[in-house]
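Read the structure below first, then the notes.
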Amino acid sequence: MMYKTIYLRRGKDESLRRFHPWVFSGAIERADEELEEGDIVQVFDSSSHFVALGHYQIGSIAVRILSFEERDIDESFWRERLQTALDVRRSIGVAGRQDNNTYRLVHGEGDNLPGLVIDMYGGTAVMQAHSVGMHLCRMQLAEALKAVVGESLTAIYYKSETTLPYKASLGQENGFIYGESQNDVAQENGLSFHIDWLRGQKTGFFVDQRDNRSLLEHYSMGRNVLNMFCYTGGFSVYALRGGARLVHSVDSSAKAVELVNANVELNFPGDERHKAFAEDAFKYLDQMETGSYDLIILDPPAFAKHKDALKNALRGYTKLNAKAFEKIRPGGILFTFSCSQAVNKDQFRLAVFTSAAMARRSVRILHQLHQPADHPINIYHPEGEYLKGLVLYVE
Ligand code: SAH
């Protein structure tokens with residue numbers, strides 16, 4: 001197949017030689033033809049040697065690399081990539097299990113498929129494109145996915161309404177591009193969850209907290225748990241299984257409160273240890289009595305979506321954590337997270353350190369948490385690291 005070609009400025013192929021999967025717009029000298037967003041382009045260095053192939057997009061990241069080898073990007077290419085992704089999930093033990101059919105099959109750059117996310121919920125795959133290029137390839141991807149996953153795949157829900165570049169104005173609507181799901185319940189580590197892929201945030205569930213929820217379960221016995229920013233209540237349900245004395249789930253969205261109640265009901269019908277509240281986090285933390293909880297989870301939405309929001313985000317994390325440190329019972333345990341990609345590990349840790357000092361508590365770091373193995377980080381693309389967490393013992 002012949003692809004349009006872009007030529008890089010002298011020396012601008014360096015990061016690609018180190019397999020970094022992005023070409024920034026400033027690195028491009030010229031193109032041999034007029035480019036359209038979503039085109040597959042071949043990238044040549046300034047001496048006209050092939051370097052890589054990728055999806056062209058309009059913006060500061062101009063090309064997202066699909067391959068460093070000269071080859072056709074066709075269904076068999078997608079099939080290979082998806083097969084490798086599935087093999088990885090099998091080898092880390094999240095796929096092909098009875099008690100767990102919720103996992104991320106494709107994590108963008110982490111799986112050498114920039115701009116694509118696929119989450120599996122039992123027989124339903126939820127596919128999300130973050131680039132016009134992936135959007136244009138969606139039907140080929142769907143065919144490849146069917147071939148790789150096989151009969152157990154009953155439906156593919158395409159959910160890119162909010163993740164595609166707004167300016168591309170593709171008028172894309174969410175919907176099934178293959179089959180239809182009869183069942184909205186999926187298993188995570190033996191627990192059941194309703195997955196609202198139609199209306200829920202992201203692909204319907206926060207798959208990336210699986211391991212951290214498991215760890216929380218082991219700290220829950222006999223404790224009073226506050227799950228702040230609970231959304232569908234993943235942490236709450238694990239805490240109940242772990243033997244918590246009581247679990248309070250809080251989220252500012254009334255819809256989230258409905259979801260968490262439904263998920264608790266699904267696993268522990270009639271369990272009176274659980275209560276959910278629709279309330280703002282800061283307000284709830286201000287108003288709650290000191291010492292009410294000895295296990296607190298803070299898993300807020302990304303405070304910094306972009307680098308320019310960094311300062312405010314750090315202030316937000318500091319303020320939030322300080323409130324928890326003030327109120328947590330002595331001997332309490334705090335699980336605190338940041339999913340902002342723009343905030344790195346050290347910055348997050350510094351924000352939490354500042355909060356601890358403000359509250360004058362003696363604090364030990366017990367665990368440093370991150371995203372699970374089905375959200376792998378491409379070693380050449382450190383930007384792929386986004387989720388970080390700390391488990392703290394508060395004296
Ligand atoms: N911990 C969840 C994911 C959290 S997503 C899980 O494991 O699935 C972040 C949640 O924070 C969203 O549900 C959103 O409704 C909620 N939220 C956002 N701002 C909030 C605020 N100021 N107070 C309380 N909840 C808030």
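Counting Lys and Arg as +1 and Asp and Glu as -1 over every other residue whose Cβ lies under 15 Å from the Cβ of PHE77, the net charge comes to -3. Rolling a 1.4 Å probe over the protein heavy atoms leaves LYS146 with an accessible area of roughly 60 Å². For LEU66, the residues 5 or more places off, or on other chains, whose built amide H falls under 5 Å of its own are LEU53, GLY54, HIS55. At an R0 of 35 angstrom, the distance between the Cβ atoms of ALA262 and MET1 translates into a FRET efficiency of 0.15. Its Cα gyration tensor gives region 75-188 an equivalent ellipsoid; the semi-axes, largest first and in whole Å, are 22, 16, 13.
Here's how it looks for LEU105: its modeled amide H is under 5 Å from those of ILE118, ASP119, MET120, which are all 5 or more places away or on a different chain. Estimated from helical segments only, the mean residue ellipticity of the chain at 222 nm is -8500 deg cm²/dmol, where each DSSP H run of four or more residues counts as -39500 (n - 2.57). The apolar share of the surface of the chain, taken as the fraction of accessible area on carbon and sulfur atoms (1.4 Å probe, ligands and nucleic acids excluded), comes to 49 percent.
FRET efficiency for the ARG245 to ASN312 pair, using the beta carbon distance and R₀ = 25 Å, is estimated at 0.10. Distance distribution P(r), region 134-209, all Cα-Cα pairs, bin width 10 angstrom from 0: 16, 44, 35, 6, 0 percent. Each principal axis of the Cα atoms in region 151-300 has its own extent, and those three values, largest first, are 51, 37, 25 angstrom.
Amide H contacts of ALA95 (H built 1.01 Å from N, in plane; Pro and chain starts excluded): ARG90 sit under 5 Å, all sequence-distant by 5 or more or on other chains.
With a threshold of 30 Å on the Cα-Cα distance, the over-threshold entries among LYS305/LYS327; LYS4/LYS202; LYS12/LYS146 are LYS4/LYS202; LYS12/LYS146. I'd like the distance between the alpha-carbon centres of region 192-209 and region 1-67, rounded to an integer number of Å. If we compute the Cα centre of each part, the gap is 35 Å.
Of the DSSP H helices in the chain, those that are both long (alpha-carbon extent of 18 Å or more along the helix axis) and hydrophobic (Kyte-Doolittle mean at least -0.5) are 254-267, 345-358. Dividing the convex hull volume of the alpha-carbon atoms in region 73-118 by its residue count gives 67 Å³ per residue. In order along region 378-391, phi translates into HN-Hα couplings of 5, 4, 8, 9, x, 4, x, 7, 10, 8, 9, x, 10, 10 Hz, rounded to whole numbers, per the Karplus curve 6.51 cos²θ - 1.76 cosθ + 1.60 with θ = phi - 60° and x for Gly and Pro. Here the contact order of region 355-395, divided by its residue count and restricted to Cα pairs under 8 Å and six or more residues apart, works out to 53 percent. Counting only residues at least eight positions apart within a chain, or on another chain, there are no aspartates and glutamates with an alpha carbon under 13 Å from that of LYS311. Sequentially through region 122-134, phi angles give Karplus couplings (6.51, -1.76, 1.60; θ = phi - 60°) of x, x, 9, 9, 10, 10, 9, 9, 10, 9, 5, x, 5 Hz, Gly and Pro residues having no value and appearing as x.
Report the full-extension gain for the segment ALA31 to LYS255: residue separation times 0.36 nm, less the Cα-Cα distance, to one decimal in nm. Taking 0.36 nm per residue and subtracting the Cα distance, the gain is 75.8 nm.
Per-residue Karplus couplings for region 286-296, computed as 6.51 cos²θ - 1.76 cosθ + 1.60 with θ equal to phi - 60°, are listed in order as 5, 8, 6, 6, 4, x, 5, 10, 10, 8, 10 Hz, Gly and Pro entered as x.
One quarter of the convex hull surface built on the alpha carbon atoms of region 342-395 amounts to 4.1 nm², the projected area averaged over directions.
Rg ratio for the chain: its Cα radius of gyration over 2.2 N^0.38 Å, N being its residue count, equals 1.05. Distance distribution note for region 206-394: the fraction of Cα pairs above 25 angstrom is 31%. Figure note: ILE156, ILE61 ranked by solvent-accessible area, largest first, 1.4 Å probe, ligands and nucleic acids not counted: ILE61, ILE156.
The values are calculated or read from the model by the stated rules, or taken from the named source; none is laboratory data. Remember, it's a predicted structure, so these values are computed and weren't measured experimentally. Quick reminder, even Gly has a Cβ in these numbers, built from the backbone with ideal geometry, and neighbours come from all protein chains shown. Accessible surface is based on the protein model in full, side chains and every heavy atom, while ligands, DNA and RNA are left aside. Shrake-Rupley method; radii C 1.70, N 1.55, O 1.52, S 1.80 Å.
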